[in-house]
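K.L.:
Below is the structure I would like to discuss, written out as structure tokens.
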Amino acid sequence: MERPSSFAEVPHAQPIAVFQLTADFRVDPHPSKVNLGVGAFRTEDGLPWVLPVVAKTEAQLARELEESTLDHEYLPVIGHPEFTRLATQLSLGEASPGLQSGRAAGVQVIGGTGALRIGAEFLRRWWNPELGGKCPVYFSEPTWGNHLSTFRDAGFTDLRKYRYWDEACRRLALTELLEDLESAPEKSVVLLHACAHNPTGTDPTGPQWLQILDVVKRRNLFPFFDSAYQGFASGKLDEDAAAIRLFESHGLELLCAQSFSKNFGLYNERVGNLVIVARDSAALACIKSQIVLLVRAMWSNPPSHGARIVATVLGDPVLRKEWSSSGLSYPGEACVPDGKWAHQHVCSQFTQPQLCCRVYPRCSHNYLGMRVVHHDYGFQPL
Ligand SMILES: Cc1ncc(COP(=O)(O)O)c(C=O)c1O
């Protein structure tokens, strides 16, 4: 008789809701189906859509490969140098005091998720080391479903919530948010959505960010930003990075998980950058050296294709303008030649309604009740 599997006791894990939704969607024969799960660009016919500026850049990269001016050699552990430089600059701004004084930099990682994970791994080892994994980490309630998992798997055990959403008034619960951070133990980590809060679509205003900054500073909390939608909330890259820049301008050390999955439509290329702002250049060098060890042991060095695309576009004034003016402005604006952007976002993002808010810009009523009544396959609350 054959021996049973040594893994016979392994329980089957729950499917990941958002991917299960996509699988159910694929096999549904309904002619008018619309997938409101994963938020990705779509054509009018609901098919995947590649940004024209990305396709053009890829053609250029293919030519460079043919001409042997590009190759497939390993990238440095810390990533594509031009990519990390330009990406970090996109996040912190050209006038960033950290960049100008050599105490801010980026590390290329595997998408925004990789940035969160590597950042969490680093913090668990080196922030509040007396507590290590027992250091409390605060997440907005609600938050993106993967936040808690990345921190839990990085070894953090005390995962807490700060209140964020006032369901009765359908707006930011600022008083409660501030109360929760005020009562956080000193030196806790706090995860903040830089813009286009997922899933509520509601961001603090400038003055509200100042209040959040004040408590983060006073309680000596560590701010870890998640920036997965730069350009999508306001249509302006700088405006959507204002919270990160505000914290930096007040001298705080911080991390920021920067993803190019959404604003470049490069979902499967896993293009991410972990932005580090340190007190001084010596601290930055030490932090980077530790992160190098983490990356080396996890994926050794990052893939180049997506990073090359982003670096080429950001580094070329013409391509950059094409990207930022066609990709990130509000739907309906003149720069959208065929009106595609509006539909793609709206159709694909009702469960992440910050993108619907491109149509109902920046209102405080954007955590729509849509998902409760307008779904067929079910959607697990976050
Ligand atoms: C808030 C938030 N953070 C991070 C990510 C992860 O992005 P990536 O696909 O680049 O890992 C997402 C993706 O949906 C997100 O919504």
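K.L.:
Going by average Cβ neighbours within 10 Å, how do the peptides 81-88, 253-260 rank, with the highest at the top?
P.N.:
Ranking the peptides 81-88, 253-260 by packing returns 253-260, 81-88.
K.L.:
Going highest first, how would you order 123-130, 5-12 by mean Cβ packing within 10 Å?
P.N.:
Top to bottom by mean Cβ count within 10 Å: 123-130, 5-12.
K.L.:
Taking 0.36 nm per intervening residue step and subtracting the Cα-Cα distance, what contour gain separates GLU44 from LYS134 on full extension?
P.N.:
That works out to 27.6 nm of additional length.
K.L.:
At R0 = 25 Å, how high is the FRET efficiency between THR175 and ASP238 if r is their beta carbon distance? Nearest 0.05 is fine.
P.N.:
Between THR175 and ASP238 the formula returns 0.30.
K.L.:
Right, next: Across 10 Å bins from the origin, how do the percents of Cα pairs in the range 2-158 run, short distances first?
P.N.:
The percentages, shortest bin first, are 8, 19, 28, 28, 15, 3, 0.
K.L.:
With a ≥ b ≥ c taken as the square roots of the eigenvalues of the C-alpha gyration tensor of the range 201-336, please select rounded if a/c is under 1.5 and otherwise prolate if a/b is larger than b/c or oblate if it is not?
P.N.:
The shape class here is oblate.
K.L.:
While we're here: Which FRET efficiency, nearest 0.05, do ARG219 and ALA168 yield, Cβ-Cβ r, R0 30 Å?
P.N.:
Taking R0 as 30 Å, the efficiency between ARG219 and ALA168 is 0.65.
K.L.:
Points 7 angstrom from Cα along the Cβ direction at LYS321 and ALA95: gap in nanometres?
P.N.:
Simple spin-label model gives 2.2 nm for this pair.
K.L.:
What figure, in Å² to the nearest 10, do you get for the accessible area of THR312 with a 1.4 Å probe and non-protein molecules left out?
P.N.:
Surface open to solvent at THR312 totals about 30 Å².
K.L.:
Using 0.36 nm per residue of separation minus the Cα-Cα distance, give me the extension gain between PHE7 and ARG160 in nm, one decimal.
P.N.:
Gain on extension, PHE7 to ARG160, equals 51.8 nm.
K.L.:
Ranked highest first by the average count of other Cβ atoms within 10 Å around their residues, in what order do 166-176, 265-275, 94-104, 61-71 fall?
P.N.:
265-275, 94-104, 166-176, 61-71
K.L.:
I've got another one for you. For the residue pair ARG279 and VAL27, what label-to-label distance in nm results when each label sits 7 Å from Cα along the Cα-to-beta-carbon direction?
P.N.:
Result: 5.7 nm between the two label points.
K.L.:
Sequence gap of 8 or more, or different chains, plus Cα separation below 26 Å: how many lysine pairs satisfy both in the range 110-258?
P.N.:
Count of close lysine pairs: 6.
K.L.:
A further question follows. At a probe radius of 1.4 Å, what is the per-residue accessible area of LYS217, in Å² to the nearest 10?
P.N.:
Rounded to the nearest 10, that gives 100 Å².
The values are calculated or read from the model by the stated rules, or taken from the named source; none is laboratory data. Here the structure is a predicted model, which means the values were calculated and not measured. Reconstructed Cβ throughout: ideal geometry from the backbone, glycine too, with neighbour counts over all protein chains shown. Surface areas here come from the heavy atoms of the whole protein model, side chains and all, with no ligands, DNA or RNA. Shrake-Rupley method; radii C 1.70, N 1.55, O 1.52, S 1.80 Å.
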